[in-house]
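Here the structure is laid out as structure tokens; the discussion comes afterwards.
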Amino acid sequence: MNKIFKQTIDFTKVDTLIYHLPNGPTLSVEMNGLEDLLDIDMEIGEVCDTSDIDGVVHFFPKGNA
């Protein structure tokens, strides 16, 4: 089932993007100036936005969510 309402992420509050790779490893990316290059909304998977709390967004690609 597709989501009707998409969550928008305010990347001005994001310090770090953590990309959870399949089988457990993670890739951590500091967002200094990269907010214009990334479009998480176009990716297939789940997003956990805790940027209001700790400045981090977690992305779990489809199959790893």
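The values are calculated or read from the model by the stated rules, or taken from the named source; none is laboratory data. Values in this document were obtained by computation on a predicted structure and should not be read as measured data. For neighbour counting, all protein chains shown are included, and Cβ atoms are generated from backbone atoms with ideal geometry for every residue, glycine included. Areas reflect the complete protein model, heavy atoms only, side chains present, ligands, DNA and RNA absent. Shrake-Rupley method; radii C 1.70, N 1.55, O 1.52, S 1.80 Å.
Summary of values
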quantity	calculated
Filtered residues of segment 20-34 (kept if in a strand (DSSP E or B), surrounded by 12 or more Cβ atoms within 10 Å (Cβ to Cβ) and at pLDDT below 90)	Val29
Hey, Ile4 loosely packed, with under 10 Cβ neighbours inside 10 Å, at pLDDT 90 or above and not in a strand (DSSP E or B) or not	no
Among (1) open to solvent by 60 Å² or more (accessible area, probe 1.4 Å); (2) at pLDDT below 90; (3) out of contact with any Gly (no Cβ under 9 Å at 6 or more places or on another chain) - the single one Lys62 does not satisfy	(3)
